[in-house]
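Heads up, the thing below is written out as structure tokens.
The values are calculated or read from the model by the stated rules, or taken from the named source; none is laboratory data. Owing to the predicted nature of the structure, the values given are computational and were not obtained by experimental measurement. Here the Cβ positions follow ideal geometry from the backbone for every residue, glycine too, while neighbour counts run over all protein chains shown.
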Amino acid sequence: MKVIRNKILPFGKKFLAINLFGIVFAKGDCDDYVLNHECIHTAQMREWIYLPFYILYLLEWVLNYIKYRDHLKAYHAISFEIEAYCHQNDLKYLKERKRFANYRKRNDYGRN
Ligand SMILES: [Zn+2]
């Protein structure tokens, strides 16, 4: 995975890295868990053939925002993020990940 360290992307101060079409833009150094999080997103993008991933991601964020009225809660409730955050500390996860794992039942990830 290509990582480009820079001072602009991702915008804002709350995020360390953003994955755009499999290329990670990071502010500063990323540990193995952040990189694993981004690798999980790359796997998600590939199975959704990239553009549908971004459409679904944005759609989920909008629906979550309507529900929660909080942009961070909306972000953390996106199914792609739930999967990535739940498994980012398991560096072997991608070897056993099932396709479209982000749409597993949320209870499988210990969330309601
Ligand atoms: Zn993420």
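Take the conditions (1) modelled with pLDDT of 95 or more; (2) assigned to a helix (DSSP H, G or I); (3) closer than 14 Å to ALA43 by Cβ; LEU91 misses just one of them, which is (2). Tallying residues that are buried (at least 18 other Cβ atoms within 10 Å of the Cβ), closer than 16 Å to LEU35 by Cα and aliphatic (A, V, I, L, M) within region 78-101 yields 2. Exactly one residue out of ALA84, ALA74, ALA26 is aliphatic (A, V, I, L, M) and within 12 Å of the ligand (Cβ to nearest atom): that is ALA84. Close contacts from region 66-92, counting a first residue that is within 15 Å of PHE53 (Cβ to Cβ) and a second that is near the ligand (Cβ under 9 Å from one of its atoms) and not in a helix (DSSP H, G or I), with Cβ to Cβ under 7 Å and a gap of 6+ residues or different chains, come to none at all.
A count restricted to region 67-80 and to residues that are in contact with a helix residue (DSSP H, G or I) (Cβ under 6 Å, 6 or more places away or on another chain) and not hydroxyl-bearing (Ser, Thr, Tyr) stands at 4. For region 47-56, taking the residues that are within 15 Å of ALA101 (Cβ to Cβ) and within 13 Å of the chain's Cα centre (by Cα), the one that is surrounded by the fewest Cβ atoms within 10 Å (Cβ to Cβ) is identified as LEU56. Do we have any residue at all in region 67-77 that's over 24 Å from LEU91 (Cβ atoms), exposed (fewer than 11 other Cβ atoms within 10 Å of the Cβ) and more than 15 Å from the chain's Cα centre (by Cα)? Yes, the conditions are met somewhere in region 67-77.
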